[in-house]
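Below is one structure, written out as structure tokens, with a few remarks after it.
Each value in this text was obtained by applying a stated rule to the coordinates, not by laboratory testing. Predicted model, so just to flag it, every value in this text is computed and none were measured. Cβ sites come from the backbone with ideal geometry, for glycine too, and all protein chains shown count toward neighbours.
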Amino acid sequence: MDLNEFWVLVERSAAETSGQDRRLEWLVAALSSAEEAVEFALRLDEVRRRVDTWAHWQAADVICGGLCSDDGFFYFQAWLVGQGRAVFEAVASSPDSLADLPHVRYLASRGGVHAWADDDWPAWEGLDYVAAEAFDGDLESVVDSRVLVSPEPAGQRWDFADPAEISARVPRLGALFGKVA
């Protein structure tokens, strides 16, 4: 499975079903062999690494009201993949482009994370389990032997809560979520 095939699967899951749970079921069923499951896991890791940066984490943290832990950021990355290739590519190039997403604008209009329903959170933990459910055996050991994972996001780390940093790095998101003047 190459990247194009990966994106076709992700986008077809959205076109043919609705809701994260049904999309997950569809994706598991679409992976018809052990090798496809391994390749799906590898492609997911590959695309995810493109948004595993401090800049993207800060953007997620702004959206999530400062409640974006390392696990939360991992699930946010999966949610971003679930938005499809065009959205993913735009956000990979510029984390501040998240301000253009209708769902992110909706979240900003809700008045804070405490007003969000569970399904509103920009997170998709289940996407990480698709390949494992489609694979018969120890997927983790197979994938780990083929992937080199960095323990830290790429780029420079800074204070996510600093309004000057928010203004400089993700000004539209900062304005949308009331984090900058």
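Give me the Kirkwood hydrodynamic radius of segment 57-100, using the inverse of the mean 1/r over all pairs of distinct Cα atoms, in Å to one decimal. Display every interim value, and only then the final one.
Details: mean 1/r = 0.0955 Å⁻¹.
Mean inverse Cα-Cα distance, inverted, gives 10.5 Å.
Please work out whether segment 88-132 counts as rounded, prolate or oblate from its C-alpha gyration tensor, where a ≥ b ≥ c are the square roots of the eigenvalues and a/c under 1.5 means rounded, while otherwise a/b larger than b/c means prolate and anything else oblate?
Numbers: a/c = 3.37, a/b = 1.15, b/c = 2.92.
It is oblate, given that a/c is not under 1.5 and a/b is not larger than b/c.
Between V143, V170, A37, whose Cα lies farthest towards the positive end of the dipole of the chain when Lys and Arg beta carbons carry +1 and Asp and Glu beta carbons carry -1, centred on the Cα centre?
Final value for the positive-end residue is V170.
What is the chain's relative contact order, in percent, from Cα pairs under 8 angstrom and six or more apart in sequence?
Details: 188 pairs, mean separation 57.9, N = 181.
Relative contact order, the chain: 32 percent.
What is the mean projected area of the alpha carbon convex hull for segment 58-181, to one decimal in square nanometres? Write down the numbers at each step before the final one.
Details: hull surface 34.7 nm².
Dividing the Cα hull surface by four gives the mean projection, 8.7 nm².
To test your reading of the geometry: what angle, between 0 and 90 degrees and rounded to tens, separates the Cα axis of helix 3-16 from the longest principal axis of the chain?
Around 80 degrees separate the two axes.
How do S33, S109, S13 line up, fewest other C-beta atoms within 10 Å first?
Values: S33 12, S109 9, S13 24.
Sorted ascending by nearby Cβ count, the order is S109, S33, S13.
Rounding to the nearest 20 debye, state how big the charge dipole of segment 38-181 is about its Cα centre with +1 on each Lys and Arg Cβ and -1 on each Asp and Glu Cβ.
The dipole of segment 38-181 has a size of about 760 debye.
Suppose a student asked you for the relative contact order of segment 39-104, using Cα pairs under 8 Å spaced at least 6 residues apart; what percent would you report?
Once normalised by length, the contact order is 35 percent.
Most exposed first by the Cβ proxy, i.e. fewest other Cβ within 10 Å, how do Y106, Y129, Y75 rank?
Values: Y106 11, Y129 15, Y75 21.
Least crowded to most crowded, the residues run Y106, Y129, Y75.
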